[in-house]
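Remarks on the structure that follows.
The values are calculated or read from the model by the stated rules, or taken from the named source; none is laboratory data. These numbers come from a predicted model, not from an experiment. All Cβ positions, glycine included, derive from the backbone under ideal geometry; neighbour counts span all protein chains shown. Ligands, DNA and RNA are excluded from the accessible area calculation, which covers all protein heavy atoms including side chains. Shrake-Rupley method; radii C 1.70, N 1.55, O 1.52, S 1.80 Å.
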Amino acid sequence: MSESGANTMWGGRFAGGVDAIMEAINASIGFDKRLAAQDIAGSRAHAAMLAAQGIISAQDAAAIDAGLEQVADEIASGAFPFRTELEDIHMNVEARLRELIGAPAGRLHTARSRNDQVGVDFRLFVREQCDAAIAGIDALMRAFLAQAEAGADWVMPGFTHLQTAQPVTWGHHMLAYVEMLARDRSRFADARARMNECPLGAAALAGTSFPIDRDATARALGFDRPTANSLDSVSDRDFAIEFLSAASICAMHLSRFAEELVIWSSAQFRFVTLSDAFSTGSSIMPQKKNPDAAELLRAKLGRVMGAQVALLVVMKGLPLTYSKDMQEDKEQLFDAADTLMLGLAAMAGMVRDMAANRDALAAAAASGFSTATDLADWLVRALNLPFRDAHHVTGTLVRMAEEAGCDLPDLSLAQMQSVHPGITAEVFEVLGVENSVRSRISYGGTAPDRVREQVARWKDALG
Ligand code: ARG
């Protein structure tokens with residue numbers, strides 16, 4: 001604040017200071033200080049371009065650059081004096097620069113506005129988050145792949161409606177998540193490619209009369225090209241929404257596996273044992289080992305989806321171009337990105353550490369009439385029954401077994417023949433779960449050989 005109480009950045013127009021509550025609602029420095037590195041990188045590229053174009057002197061540009069470097073050091077060391085009355089990161093950095101280097105600092109904002117400045121800062125940040133998400137996904141894919149390789153032929157029940165459906169292999173189930181994560185990865189890569197255009201130079205909204213070189217700043221900041229419409233440049237937050245959209249889908253996948261872990265680690269299932277590193281005990285029940293990390297992930301990941309909706313709601317009513325509403329983009333995205341990265345890391349740890357309980361998996365695979373489809377298929381193949389008739393015969397046999405309190409392979413041949421006289425002893429071969437999974441050799445099927453092929457393909461792809 002100047003002595004009159006007016007803000008030094010636009011004090012010319014204002015006579016008095018702002019209300020304390022106005023300062024509280026207006027200030028973003030509490031959270032956008034997280035964009036400091038991006039803000040300084042953008043400013044250094046801008047100053048260098050201004051000098052190269054003869055818009056400011058080389059001397060001033062050098063002073064600005066050295067000053068910004070010092071500001072960056074102060075921020076990194078924690079010595080930087082952040083001030084709420086300076087509203088946001090852009091003005092905090094510029095005000096400090098003025099304290100450090102004096103008059104030349106006032107030339108930095110030539111041919112620029114906070115509107116294109118925040119646009120470039122935020123894009124740089126979201127671009128980094130895409131890279132971080134991709135790295136996190138890669139690590140998690142590797143963890144699932146290692147599980148798939150170890151258990152390519154371990155049998156377990158496959159479920160629909162959470163009811164036992166058909167036997168599948170552990171490796172196949174693990175690879176299902178590898179497929180999901182690969183799609184997530186490509187969504188982040190796509191979003192990154194689309195957002196990689198530089199809005200710097202759009203200025204407030206209309207462009208600038210100064211002879212700037214937007215290609216140079218775009219290049220210096222690692223963008224593919226400058227954005228082509230200045231109005232769109234300062235009012236676009238698609239890149240953030242797209243990131244949140246990719247993040248939401250990925251979060252949904254992580255949450256589904258978290259849910260499976262909660263179920264699988266229960267005493268009723270005992271499919272997996274989670275490591276102590278990702279579990280907690282109960283303060284009252286000594287026998288308990290709770291899958292807290294999985295539960296927390298399941299709950300926390302909803303925040304990512306909430307952020308996506310929140311930002312869509314912020315943007316949906318805004319006329320072009322910039323409105324201050326858009327300042328509300330950051331907290332949501334920061335929180336969502338942090339939650340996603342934590343989720344990816346925690347899930348990678350859990351997947352790496354978890355131990356499949358092969359005996360429990362195999363026992364569960366063999367129960368619940370899981371090979372009924374194999375029996376029906378055998379009736380079609382061996383006895384040439386139409387599939388609908390085979391389905392009916394099998395249903396009758398399942399009911400018979402259920403009434404006898406046994407499973408399908410426990411029925412005698414005589415009992416089976418009482419339902420269909422053509423059935424021979426060969427039927428028992430298809431009633432075993434090992435044979436069942438081995439027979440599912442169609443492309444994308446659960447047969448161990450097919451799983452091993454997919455494991456090899458993914459090992460190649462992930463390097
Ligand atoms: N702190 C602002 C934001 O995050 C920066 C842009 C402010 N622009 C303006 N015209 N008030 O959106």
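Below, the figures for the structure above:
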{"read-out": "Residue ID - nearest to residue 433 (Cα to Cα), chosen from residues in the range 149-166 that are in contact with a Ser or Thr (Cβ under 9 Å, 6 or more places away or on another chain) and at pLDDT 95 or above", "value": "155"}
{"read-out": "Every pair of residues 6+ apart whose Cβ atoms lie under 9 Å, when the first sits in the range 360-383 and is free of Cβ contacts under 8 Å to residues at least 40 places away in the same chain while the second is assigned to a helix (DSSP H, G or I) and open to solvent by less than 20 Å² (accessible area, probe 1.4 Å)", "value": "372/394; 372/397; 372/408; 376/390; 376/393; 376/394; 380/390"}
{"read-out": "Selected residue (only one of 380, 419 is modelled with pLDDT of 95 or more and touching a Leu at 6+ places or on another chain (Cβ under 6 Å))", "value": "419"}
{"read-out": "Lone qualifier among 149, 128 - being of a type in the set (D, E, K, R), under 30 Å from residue 323 (Cβ atoms) and either more than 16 Å from the ligand (Cβ to nearest atom) or without any contact (Cβ under 8 Å) to a residue 60 or more places away in the chain (or both)", "value": "128"}
{"read-out": "The range 88-107, residues that are within 16 Å of the ligand (Cβ to nearest atom) and not in a helix (DSSP H, G or I)", "value": "88"}
{"read-out": "Cross-chain or 6+ apart pairs with Cβ under 8 Å, the range 105-123 first and open to solvent by 30 Å² or more (accessible area, probe 1.4 Å), then within 16 Å of the ligand (Cβ to nearest atom) and of a type in the set (S, T, N, Q)", "value": "115/321"}
{"read-out": "Verdict on residue 247 being of a type outside the set (Asp, Glu) and under 30 Å from residue 47 (Cα atoms)", "value": "no"}
{"read-out": "Filtered residue count, the range 37-81, keeping only those that are under 35 Å from the mean Cα position of the chain (by Cα) and of a type in the set (Val, Ile, Thr)", "value": "3"}
{"read-out": "Of the criteria (1) touching a Phe, Trp or Tyr at 6+ places or on another chain (Cβ under 6 Å); (2) open to solvent by less than 20 Å² (accessible area, probe 1.4 Å), which one residue 134 fails", "value": "(2)"}
{"read-out": "Near pairs, Cβ below 6 angstrom, 6+ apart or cross-chain, from the range 311-332 (in contact (Cβ under 8 Å) with a residue 40 or more places away in the chain) to any residue that is among the aliphatic types (A, V, I, L, M) and in a loop (DSSP other than H, G, I, E, B)", "value": "321/205"}
{"read-out": "Qualifying residues in the range 108-123 (those that are of a type in the set (D, E, K, R) and within 14 Å of residue 9 (Cβ to Cβ)) - the one nearest to the ligand (Cβ to nearest atom)", "value": "114"}
{"read-out": "Enumeration of residues in the range 58-87 that are within 16 Å of the ligand (Cβ to nearest atom) and not in a loop (DSSP other than H, G, I, E, B)", "value": "84, 85, 86"}
{"read-out": "Total residues in the range 200-251, condition assigned to a helix (DSSP H, G or I) and either more than 18 Å from residue 113 (Cβ to Cβ) or open to solvent by 10 Å² or more (accessible area, probe 1.4 Å) (or both)", "value": "23"}
{"read-out": "Wholly within the range 320-391, helices (runs of 4 or more DSSP H) carrying at least 2 residues that are out of contact with any Ser or Thr (no Cβ under 8 Å at 6 or more places or on another chain), open to solvent by 10 Å² or more (accessible area, probe 1.4 Å) and within 16 Å of the ligand (Cβ to nearest atom)", "value": "329-353"}
{"read-out": "Odd one out for residue 433 among (1) open to solvent by less than 50 Å² (accessible area, probe 1.4 Å); (2) on the phi > 0 side of the Ramachandran plot", "value": "(2)"}
{"read-out": "Of all residues making up the range 412-428, the number that are more than 13 Å from residue 371 (Cα to Cα) and surrounded by 12 or more Cβ atoms within 10 Å (Cβ to Cβ)", "value": "10"}
{"read-out": "Count of residues meeting criterion [over 16 Å from residue 251 (Cα atoms) and surrounded by fewer than 20 Cβ atoms within 10 Å (Cβ to Cβ)] in the range 286-309", "value": "6"}
{"read-out": "Considering residues of the range 392-415 that are among the small types (Gly, Ala, Ser) and in a helix (DSSP H, G or I) only, the residue nearest to residue 427 (Cα to Cα)", "value": "414"}
{"read-out": "Residue that is surrounded by the fewest Cβ atoms within 10 Å (Cβ to Cβ) [pool: residues in the range 265-282 that are part of a loop (DSSP other than H, G, I, E, B) and modelled with pLDDT under 85]", "value": "282"}
